[in-house]
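Please treat every number below as a calculation from the coordinates, not as lab data. These numbers come from a predicted model, not from an experiment. Positions of Cβ are generated from backbone atoms using ideal geometry, with glycine treated the same way; all protein chains shown enter the neighbour counts.
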Amino acid sequence: MRQRHDQTEIRIAAGATVDVLRTLHDDPAFRFEVLADLAGVDTGDSMQVVYHLWSETTPDWLRVIVVDLDREDPRVPSTTFLWKGAEWMEREAYDMFGIIFEGNRDLRRVYMPPDYTSFPLRKDFFLADDASRSPAQGVRHMEQVHAPAESLAPIRRSRAR
Amino acid sequence: MATQIPSLDDPQVLVQTPATIYDAIPPYAPRTEREAEFYTLRDGEMLVNMGPQHPSTHGVLRLVVKIEGERVVDIDPVLGYLHRGIEKLAENADYHHAICYTDPLEYVSSLFNELAPVMAFEQLLDLRVPRRAEYIRVLACELNRIASHALFMGWMALDLGGLTPILYSFIERDEIVEMLAALTGQRMLFNYMRIGGVNGDLNHEFLSRLGDWMGHALRQVEANTTLLNENEIFLKRTRGLGRLDRRTALSLGLSGPNIRACGVPYDVRRAHPYSVYPELEFAIPTREEGDSYARYLLRVDEIKQSIHIIDQLIHQMPDGPVMANVPRRITPRPGRAWAAIESPRGQYGCYAISDGTDQPYRFRIHDPSFVNLQAVVPLMPGNLLADTMAVMASLDPVMGGVDK
């Protein structure tokens, strides 16, 4: 548990997601009824899913981070049984990061076309015209597989854990 | 022998249209439970494609509507026609640069798009903003809120087939837009907020325009609403339509006027006060009905509250600098920040992660229209096809925000 500014942060494992979020939502002592945000994060060597919750019992935002998801096959239980509105946000996280939300009835791509194969917000997906990378690395096509070749620059590792 | 050039006029030439994503029934097997359920047609049902270029989808949204006769059975919104990958672009730009990418997200209320990321970055930097800058920010945002709501009123009437109100609401919006142009230098994509303050101080032209406008703002709102409030056609097509109850609205995660029209007083300005809102006096209007008409009336009430807020801001405006000391190249310490504000459409959030470099490591925008648009799926079944757009307009989604 960490506290900074007006945010309280807790970190949980994927297996505990359902229990933790259900308790936060249903328990009359917590009553976190508003799901303010659901975001995927690629830290470079693992995936995270971040929930921001709001409750009238506390002035703070609660940030629940599901950590250490396998980068090759990230799986989290869906929270659509608590918040129906999480459905599209989970679709977005799936579309952008390839995170699979087990139990979501409609886990399709939401922005990219259905035949698209890569996950654009992963850190090893480089923009074709990314000016911050040296020209020697050449231009990679947007649709290239998302795993980078050995010769290319390593993934930008996060120091923000 | 001359080469034959196939002509489209020649009946022998078959024009082969490849299967595209525009096909109402996708040319592949259903991938999810919901897709299988939606694209299986029972007797008497048919699919109608609305959009992506339909004039009243408020941008480029495609709705696949399953109808039986005139009644809507189910609806499947297809997004992504306006997706520009702004999150990715911002992650490849430095912190100052990222702000101007967010402008075209929700293009009718751009100042709010800038405010949330700026607030998140200031959290990362542990930066204190001068009080005058905070006041100017709120002043500009409240003006933008009125402009956005005024446009909504006209748009909604336009979707119901009434042409006149949009002309009046554009008068209202134009005055504000000109005012903001005097302040920021731009009419739509302002790029006014800066990390640590705002781009420029209040100037004479802005203040004189603001003074003129404040003199007749309330009267003008009243005049505009008389066109619609008791209009028989407007009432018939909004009252009782698209009704949401409290529980569904909370579960769908709606925010802004849409949830307050269902009786939930959730407004980030009160729920989690930011900037100078704790010092201001204003009411959070709510309504119990939860239908399209309530959502319309609620926005009218909000315009009045915003005028009240602006009145206080002008009178309490402190002196001082409008910009903190911020270097050109900023490298916040590694950390995470979340800032949420109340935009005209609801809770607008920005989640930023810093890894110690001069670019945001993760830049996430939570857009209220994206979440609010989900409500069309449970709202539509049972309605007439012609009311689809009327109900959708009352939710006030802006596709620039939905598609990022």
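Between B:Asn49 and B:Asp126, the distance separating the two model label sites (each 7 Å from Cα on the Cα→Cβ line) works out to 5.7 nm.
Report the longest stretch of chain B that contains none of the GluC sites (Glu not before Pro) sitting in a DSSP loop with at most 15 other Cβ atoms within 10 Å.
B:71-229
Once both labels are positioned 7 Å from their Cα atoms along Cα-to-Cβ, the gap between B:His97 and A:His5 label points is 2.3 nm.
Database remark: amide H of A:Ile99 closer than 5 angstrom to the amide H of A:Tyr94 (H placed geometrically; neighbours at sequence offset of 5 or more, or on other chains; Pro and chain starts carry no H). Put simply, the amide H of B:Asp74, placed in the peptide plane, has neighbours under 5 Å in B:Lys66, leaving out anything fewer than 5 places away on its chain. Label point of A:Asp27 set 7 angstrom out along Cα-Cβ; within segment A:52-85, no amide nitrogen lies under 11 Å from it. The orientation-averaged projected area of the convex hull spanned by the Cα atoms of the protein assembly as shown comes to 31.0 nm². Ordered by the number of other Cβ atoms lying within 10 Å of each residue's own Cβ, fewest first, B:Ser343, B:Ser251, B:Ser109 fall into the sequence B:Ser251, B:Ser109, B:Ser343. Taken over the C-alpha atoms, segment A:1-108 has Rg and Dmax values of 13.2, 38 angstrom. Between the alpha-carbon centres of segment A:45-115 and segment B:167-223 there is a gap of 39 Å.
If R0 equals 51 Å, the separation of the Cβ atoms of B:Leu385 and B:Met188 corresponds to a calculated FRET efficiency of about 0.95.
Across segment A:42-57, coupling constants 3J(HN,Hα) worked out from phi with the 6.51/-1.76/1.60 Karplus curve, θ = phi - 60°, read 10, 8, x, 10, 8, 10, 9, 10, 10, 10, 10, 10, 10, 9, 6, 7 Hz, and Gly and Pro carry x.
In plain terms, the residue of A:Ile65, B:Ile233 with the fewest other Cβ atoms within 10 Å comes first and the most crowded comes last, giving B:Ile233, A:Ile65. Cα-Cα over 32 Å: which of B:Lys304/B:Lys404; A:Lys84/B:Lys88; B:Lys88/B:Lys304; A:Lys84/A:Lys123; B:Lys236/B:Lys304? Violating the 32 Å Cα-Cα cut-off are B:Lys88/B:Lys304.
Within a 10 angstrom radius of each residue's Cβ in B:351-362, how many Cβ atoms of other chains show up on average? Whole number is fine.
5
Would you kindly work out the equivalent ellipsoid of segment B:136-175 from its C-alpha gyration tensor and give its semi-axes, the square roots of five times the eigenvalues, largest first in whole Å? That gives 23, 9, 4 Å for the three semi-axes. The separation of segment B:284-361 from segment B:84-141, counted between C-alpha centres, amounts to 9 Å. State whether segment B:79-146 is rounded, prolate or oblate according to the following rule on the C-alpha gyration tensor (a ≥ b ≥ c being the square roots of its eigenvalues): a/c under 1.5 gives rounded; otherwise a/b larger than b/c gives prolate, and the remaining case gives oblate. Verdict is oblate for segment B:79-146. If r is the Cβ-Cβ distance from A:Asp70 to B:Arg42 and R0 is 41 Å, what FRET efficiency results, to the nearest 0.05? Once rounded, the FRET efficiency stands at 0.50. The calculated FRET efficiency for B:Met214 paired with A:Tyr116, based on their beta-carbon distance and R0 = 51 Å, is about 0.55. Eigenvalues of the alpha-carbon gyration tensor of segment B:115-246, scaled by 5 and square-rooted, set the equivalent ellipsoid semi-axes at 33, 20, 12 angstrom, largest first. Amide hydrogen proximity for B:Leu244: with H placed 1.01 Å from N in the peptide plane, the residues at 5 or more positions away or on another chain lying under 5 Å are B:Asp291. Have a look at B:Met193, B:Met392, B:Met46 and tell me which one the Gaussian network model of chain B (Cα, springs below 10 Å) gives the largest fluctuation. Checking each option, the largest mean-square fluctuation is seen for B:Met46.
Starting from the Kirkwood radius over alpha-carbon pairs of segment B:248-404, derive D by Stokes-Einstein at 10 °C in a medium of 1.306 mPa s and give it in µm² s⁻¹.
89 µm²/s
Legend: mean number of C-beta atoms from other chains within 10 angstrom of residue C-beta atoms, peptide A:105-118, equals 5.
Restricting to Cα atoms and excluding each atom paired with itself, what does the Kirkwood estimate give for chain B in Å? With all distinct Cα pairs of chain B included, I get 22.8 Å.
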